[in-house]
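Where a number appears in this text, it was derived from the coordinates with a stated rule and is not lab data. Here the structure is a predicted model, which is why all the values come from computation and not from measurement. Here the Cβ positions follow ideal geometry from the backbone for every residue, glycine too, while neighbour counts run over all protein chains shown.
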Amino acid sequence: MTASAVRSSWTTFWFTQEASGRILRPIRIGIALLCALYFASHWADIGWWFSQSGALSPEAVKQFLIDADLGDSAGWRLSPLYLVDSPWLLRAYLLAGIGLSLAWGWWTRNRWLGIGVWLAVLGLANRSFLIAGLEELLLVWSVAYLALAPADGVEHWSGSLALRAIQVHLTILIGVTGLTMLSSLAWWDGTGVMALVAPIEDRYFDWGRILSAAWMQELVSLLIVWGAIAGPVLLWIKATRTVARIGLTAWAVGLALLSGQAIAFVGIAVLLLAFRSLRDHRADSGVSEFASNR
């Protein structure tokens, strides 16, 4: 394999995805709506957590980090919300985040809106890192990648790069999730799904009766684990990627309902739309060339 062939395959894979603008548009809208929901989800109790007398006031967080000797590992979590302790100003930040998110989703003529949404999400995620869930992790990197692409949806190398970055990152995320499950005995004995529905306060539905039978617990646990392990591989095989994308979308929606982590897993379902672009002939030839030159 020559150096020029490697460079050609690399360039084709990352920078020549002609359908990037068309594919990224619905993904941007979906992630923008989830960002707005993320900000709105903090509305009711943001004052209780982050105000001057709140459970996680700046002074309380500072003292916790000192006592736990975590200052070095948490020092990079910058946020303007550390400078604000008024419930009114905290909610004004949430309103600004909701407005930016909705504008970014529907107004496609300003690339800076995506950067603004990313900074707003990052600021709230860094402020709430002690109570953060899976949604912060997913939204921060997905918005960052989407902000790279042209806002008006035109075809451009930056849009191709953003699309490929989403595909690769999402593949790794789902695959690592499946492999991590194998480190827990609960996913080996078939009771892993019960751990998902155990937190009663996070349930959207009562799954007690449906999952009461041992065979149902084992079946659902098996589907969750093997979906996360086999799905990412099948996404990159031309003959199976459509079935894999549909199956993983069902996997993500199912986990959203079972675990109560709606924003995170619905976000995964939205990001799976990125794999529609692999039907594009030029993209397929780029993947095939990249694989054959290895």
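What percent does the relative contact order of the chain come to when contacts are Cα pairs within less than 8 Å and at least six residues apart?
Here the relative contact order equals 27 percent.
Once you sort the root eigenvalues of the Cα gyration tensor of the chain as a ≥ b ≥ c, which label holds: rounded (a/c under 1.5), prolate (a/b larger than b/c) or oblate (the other case)?
Details: a/c = 1.90, a/b = 1.21, b/c = 1.58.
Note, shape of the chain comes out oblate.
With a/c under 1.5 counting as rounded, go ahead and sort segment 6-64 into rounded, prolate or oblate using the C-alpha gyration tensor (a ≥ b ≥ c being the square roots of the eigenvalues; past the cut-off, prolate if a/b is larger than b/c, else oblate).
Note, shape of segment 6-64 comes out oblate.
Can you sort 82, 145, 93 so the residue with the fewest Cβ neighbours within 10 Å comes first?
If I rank by nearby Cβ atoms, fewest first, I get 82, 93, 145.
Please work out whether segment 20-154 counts as rounded, prolate or oblate from its C-alpha gyration tensor, where a ≥ b ≥ c are the square roots of the eigenvalues and a/c under 1.5 means rounded, while otherwise a/b larger than b/c means prolate and anything else oblate?
Working: a/c = 2.72, a/b = 1.89, b/c = 1.44.
Prolate, since a/c reaches 1.5 and a/b exceeds b/c.
So what J values fall out for segment 259-272 if you push phi through Karplus, 6.51 cos²θ - 1.76 cosθ + 1.60 with θ = phi - 60°, rounded to Hz, Gly and Pro as x?
After applying 6.51 cos²θ - 1.76 cosθ + 1.60, I find 8, x, 8, 5, 4, 5, 7, 5, x, 4, 4, 5, 5, 5 Hz.
What is the order of 134, 83, fewest Cβ neighbours within 10 Å to most?
83, 134
If I take every Cα pair under 8 Å that is 6 or more residues apart in segment 20-154, average their sequence separation and divide by the length, what percent do I get for the relative contact order?
Computed value for segment 20-154: 36 percent relative contact order.
With θ set to phi - 60° and the Karplus curve 6.51 cos²θ - 1.76 cosθ + 1.60, what are the ³J(HN,Hα) couplings of segment 145-153 in order, to the nearest whole Hz, using x for Gly and Pro?
Residue by residue, segment 145-153 yields 5, 5, 5, 5, 7, x, 5, 8, x Hz.
Where does the chain land at 222 nm, in deg cm²/dmol rounded to the nearest 500, when only DSSP H runs of n ≥ 4 count, each adding -39500 (n - 2.57), divided by all residues? Can you show the working numbers first?
On the way: 14 runs with 197 residues, N = 294.
After summing the helix terms and dividing by residue count, I get -21500 deg cm²/dmol.
If the elastic network links every pair of Cα atoms under 10 Å, which of 41, 183, 259 fluctuates the most in the Gaussian network model of the chain?
Of 41, 183, 259, the Gaussian network model singles out 183 as fluctuating most.
Taking Cα atoms of segment 135-268, Rg/Rh with Kirkwood Rh, to two decimals?
Taking Rg over the Kirkwood Rh, I get 1.03.
Per residue of segment 177-186, what does 6.51 cos²θ - 1.76 cosθ + 1.60 with θ = phi - 60° give for ³J(HN,Hα)? Whole Hz please, x for Gly and Pro, Karplus curve as stated.
4, x, 5, 5, 4, 5, 7, 10, 4, 4
Name all residues of segment 17-41 having a backbone nitrogen under 18 Å from the label point set 7 Å from the Cα of residue 152 along its Cα→Cβ direction, giving them as ranges.
The answer is 19-26, whose backbone nitrogens lie closer than 18 Å to the label point.
Got a sec? How would 20, 79, 53 order by Cβ neighbour count within 10 Å, fewest to most?
Starting with the residue having the fewest Cβ neighbours, the order is 53, 79, 20.
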